[in-house]
1. Any chance segment 61-76 includes a residue that's part of a strand (DSSP E or B), within 20 Å of residue 38 (Cβ to Cβ) and touching a strand residue (DSSP E or B) at 6+ places or on another chain (Cβ under 6 Å)?
2. So is residue 52 closer than 20 Å to residue 34 by Cα, within 13 Å of the chain's Cα centre (by Cα), modelled with pLDDT of 95 or more and not in a helix (DSSP H, G or I) or not?
3. Which one of 34, 44 is in a helix (DSSP H, G or I), exposed (fewer than 14 other Cβ atoms within 10 Å of the Cβ) and at pLDDT 95 or above?
4. Please work out which residue is surrounded by the most Cβ atoms within 10 Å (Cβ to Cβ), limiting yourself to segment 47-57 and to residues that are out of contact with any strand residue (DSSP E or B) (no Cβ under 8 Å at 6 or more places or on another chain), in contact (Cβ under 8 Å) with a residue 24 or more places away in the chain and within 18 Å of residue 132 (Cβ to Cβ).
5. With the requirement that a residue be within 18 Å of residue 38 (Cβ to Cβ) and over 14 Å from the mean Cα position of the chain (by Cα), what does segment 98-129 give you?
6. Please specify each residue of segment 97-137 satisfying the condition of being under 23 Å from residue 59 (Cα atoms) and touching a residue at least 60 places away in the same chain (Cβ under 8 Å).
């Protein structure tokens, strides 16, 4: 009887542990896809400055923007966005393709192609595609861009 109780207890403990080891990847995929869609919606409605709501401002953050051959930190990205937004009247981003790859409960990789349209203050419009990939991190206030790279196609 002792052995039966021990086996039952071991199975229960193992079942509880396996739930922790295997996060709900479908839920993480939905959360991060929604975040990436909301990111474009915010930028389309409010311009490049809306990106700050989605960037992780920690020391762990880095990004390689179009035209760069090396990654830069949050403060440099912040300066680029502030300066760039001064010359832009309207921007429209839309995912052409998007794939997300949950890694754990708190990290997710993604890749995609973004259709971009920017209209400057001079009313000149530019359309282009951006190849983008990166890592998202879950923080207490939601998912954020932690690192990545983007290149104009």
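1. There is at least one residue in segment 61-76 that is part of a strand (DSSP E or B), within 20 Å of residue 38 (Cβ to Cβ) and touching a strand residue (DSSP E or B) at 6+ places or on another chain (Cβ under 6 Å).
2. On the way: closer than 20 Å to residue 34 by Cα: yes; within 13 Å of the chain's Cα centre (by Cα): yes; modelled with pLDDT of 95 or more: yes; not in a helix (DSSP H, G or I): no.
Criteria not met by residue 52.
3. Numbers: 44 fails: exposed (fewer than 14 other Cβ atoms within 10 Å of the Cβ).
Result: 34 is the single residue among 34, 44 that is in a helix (DSSP H, G or I), exposed (fewer than 14 other Cβ atoms within 10 Å of the Cβ) and at pLDDT 95 or above.
4. 51
5. 115, 116
6. Residues of segment 97-137 that are under 23 Å from residue 59 (Cα atoms), as a first pass: 102-111, 132-137.
Once the filter is applied, which keeps residues that are under 23 Å from residue 59 (Cα atoms) and touching a residue at least 60 places away in the same chain (Cβ under 8 Å), segment 97-137 yields 102, 104, 105, 108, 110, 134, 136, 137.
Residues are listed down the side, and each one gets a yes or a no for (1) under 20 Å from residue 148 (Cβ atoms); (2) loosely packed, with under 12 Cβ neighbours inside 10 Å:
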residue: 59; (1), (2): yes, yes
residue: 86; (1), (2): no, yes
residue: 90; (1), (2): no, no
residue: 98; (1), (2): yes, no
residue: 107; (1), (2): yes, no
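The values are calculated or read from the model by the stated rules, or taken from the named source; none is laboratory data. This structure is a prediction, so every number in the text was calculated from the model and none was measured. When we count neighbours, we look across all protein chains shown, and the Cβ atoms used for this are built from the backbone with ideal geometry, even at glycine.
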